[in-house]
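Enquirer: Have a look at this one.
Read-outs throughout are calculated quantities, based only on the coordinates presented, and are distinct from any laboratory measurement. Please read all numbers here as calculations on a predicted model, not as lab measurements. As a convention, Cβ positions derive from the backbone with ideal geometry for all residues, glycine included, and neighbour counts pool all protein chains shown.
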Amino acid sequence: LVFGTVSGRSGLRGLLLLVDIRRKPGDQERALLDSATRRGLRVQVVATKADQLPRHKRKPAVEAIERWSGLGRHATSVVSVKSGDGVDALRELILSWAEAEEEA
């Protein structure tokens with residue numbers, strides 16, 4: 001269902017790809033990322049559950065996700081719904097995407 005939406009929904013303009021910060025993204029995440037980038041969609045990789053890792057392990061985990069995605073630092077967000085870390089910044093990003101679409 002998700003692959004069909006990413007590859008075929010004409011109104012789709014971006015993808016938030018949620019990955020667990022505690023594990024390496026798998027084949028399905030790679031396929032979604034590749035499908036979205038081939039379509040020219042904006043992609044933001046969202047490393048979730050940041051509260052589940054000690055602070056000293058977060059940076060290496062995020063850097064590994066950035067390397068995996070190949071999209072760079074600007075395309076990765078780190079969030080924890082439980083603690084609220086990063087949620088406001090992600091909300092602002094989504095709003096900026098929506099505003100950019102309205103202007104286009």
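Enquirer: Any residue in the range 77-91 that is closer than 22 Å to Val2 by Cβ, assigned to a helix (DSSP H, G or I) and touching a residue at least 40 places away in the same chain (Cβ under 8 Å)?
Expert: Yes.
Enquirer: Still on this structure, I have one more. Can you find, within the range 42-67, the residue that is surrounded by the most Cβ atoms within 10 Å (Cβ to Cβ) among those that are more than 12 Å from Leu18 (Cβ to Cβ) and within 12 Å of the chain's Cα centre (by Cα)?
Expert: If we take residues in the range 42-67 being more than 12 Å from Leu18 (Cβ to Cβ) and within 12 Å of the chain's Cα centre (by Cα), then Val62 is surrounded by the most Cβ atoms within 10 Å (Cβ to Cβ).
Enquirer: Just checking, which of Gly84, Gly70 is over 14 Å from the mean Cα position of the chain (by Cα) and either at positive phi or buried (at least 17 other Cβ atoms within 10 Å of the Cβ) (or both)?
Expert: The conditions single out Gly84.
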